[in-house]
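Engineer: Following this message is one structure expressed as structure tokens.
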Amino acid sequence: MRPDKLLRWIFLLLMFTTALFLYAQDADDEDEDEDEGGINIETDWSRIMNVYNNGDQLFCINLGIVKPLFFVEQNEGYFETQMNLGGGGSLSYMYFLDSHWFLGAELGGMFCSTIGKNMYYIIPVGFRGGYQFIAKRFEFPLSLMIGFAPQSHAERTYFGLFSKSSAGAFFRINTDWSFGINTSFWWVPQWTSKKRELDYRTRSINIHGFFWELTAGVRYHF
């Protein structure tokens, strides 16, 4: 499957999953109201107690923008990406080991256009882990994701390493939902066995791409 088609399916999955969780939450709320014979307007914060426990989990959906920053080539140094501002999103899962440490996985996608009117796609998938600070209803997760990412530009494709470091700030609305923002820094290297003549020596052509991401996120806790 081409990366652009796979990216469309990822965004459809993002929207479908969001709608499914919202529908399920509404159904749960209606069932609770019927059982209690009225409308429950109080939030049971005693279930949270400002900490997580081993086995607590959450599912997160993020959508936002991705800014290509610069490329680095070992011989030429820094140079501009020649890419425009793009869009991106991700689905992630977190499993808490204790009150703060967590492990999980993430599937994402990004697209942006180039000055040549071509489209560039990245579809990262990998494992992530991190630490979350908690201050009453505010939660501040720090995480590192390492995985792989199929990439496509015009007729060229590449499959290689992907790494992303992230920081977020979320507000816990109730025991099930939290909303907030994430900012991330991407490292996307492209290593190749191709050689070229430079300064009377044969050198490899390896390029490192760096991107910045800003997204809004919604998290479902269970």
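Engineer: Look at residue 172 and say whether it is among the charged types (D, E, K, R), closer than 21 Å to residue 208 by Cβ and surrounded by 19 or more Cβ atoms within 10 Å (Cβ to Cβ).
Structural biologist: Working: among the charged types (D, E, K, R): yes; closer than 21 Å to residue 208 by Cβ: no; surrounded by 19 or more Cβ atoms within 10 Å (Cβ to Cβ): yes.
No; evaluated as a whole, the condition is false for this residue.
Engineer: Something else now. Return the residue satisfying two criteria in turn: it lies in region 175-222 and is open to solvent by 50 Å² or more (accessible area, probe 1.4 Å), within 25 Å of residue 128 (Cα to Cα) and polar (S, T, N, Q), and of such residues it is modelled with the highest pLDDT.
Structural biologist: Per the criteria, the residue is 183.
Engineer: For region 74-100, enumerate the residues that are in a strand (DSSP E or B) and either free of Cβ contacts under 8 Å to residues at least 24 places away in the same chain or exposed (fewer than 14 other Cβ atoms within 10 Å of the Cβ) (or both). Can you show your working first?
Structural biologist: Step one: list which residues in region 74-100 are in a strand (DSSP E or B), which gives 77-79, 83, 86-96.
Those that are in a strand (DSSP E or B) and either free of Cβ contacts under 8 Å to residues at least 24 places away in the same chain or exposed (fewer than 14 other Cβ atoms within 10 Å of the Cβ) (or both): 77, 78, 79.
Engineer: Could you check region 46-73 and list, in sequence order, the residues that are buried (at least 16 other Cβ atoms within 10 Å of the Cβ), more than 30 Å from residue 121 (Cβ to Cβ) and at pLDDT below 90?
Structural biologist: 48, 52
Engineer: Do the conditions hold for residue 121, that is, is it in a strand (DSSP E or B), surrounded by 14 or more Cβ atoms within 10 Å (Cβ to Cβ) and either at pLDDT 95 or above or small (Gly, Ala, Ser) (or both)? Don't jump to the end; show me each part of the working.
Structural biologist: Working: in a strand (DSSP E or B): yes; surrounded by 14 or more Cβ atoms within 10 Å (Cβ to Cβ): yes; either at pLDDT 95 or above or small (Gly, Ala, Ser) (or both): no.
Criteria not met by residue 121.
The values are calculated or read from the model by the stated rules, or taken from the named source; none is laboratory data. Note that the structure is predicted; figures quoted are calculated from it, not measured. FYI the Cβ positions are ideal-geometry reconstructions off the backbone, even for glycines, and counts take in every protein chain you see. Areas reflect the complete protein model, heavy atoms only, side chains present, ligands, DNA and RNA absent. Shrake-Rupley method; radii C 1.70, N 1.55, O 1.52, S 1.80 Å.
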